[in-house]
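Notes to accompany the following structure.
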Amino acid sequence: MNSNNLIKQTGEVCIVCEKQKEKGIHLYTSFICVDCEKEILATQTFDPKYKFYLEKLKRVNTPPLYS
């Protein structure tokens, strides 16, 4: 048995970079890693990456309100 197969993956999948990361923030039911969070905050509105981030953030699911 290979020891690489025994490594347990931890963390969550970032909705922006789609990689498994351990540290980040939760926005409603979605996870954004620390690296992507920093990139998003540093991106100016005229930067071509801005539109990319907007499209990725549209995937954030808003939880329903129960009253």
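Read-outs: derived from the displayed coordinates by stated rules, not from any lab. Bear in mind that the values here come from a model prediction, so they are computed numbers and not experimental data. Every residue, glycine among them, receives a Cβ derived from its backbone with ideal geometry; neighbour counts consider all protein chains shown.
Taking a straight Cα-Cα cut-off under 19 Å and skipping sequence neighbours fewer than 8 places away in the same chain, the lysines within cross-link reach of Lys49 are Lys19, Lys38, Lys58. If R0 is taken as 35 Å, the Cβ-Cβ distance between Thr10 and Gln44 corresponds to a FRET efficiency of 0.55.
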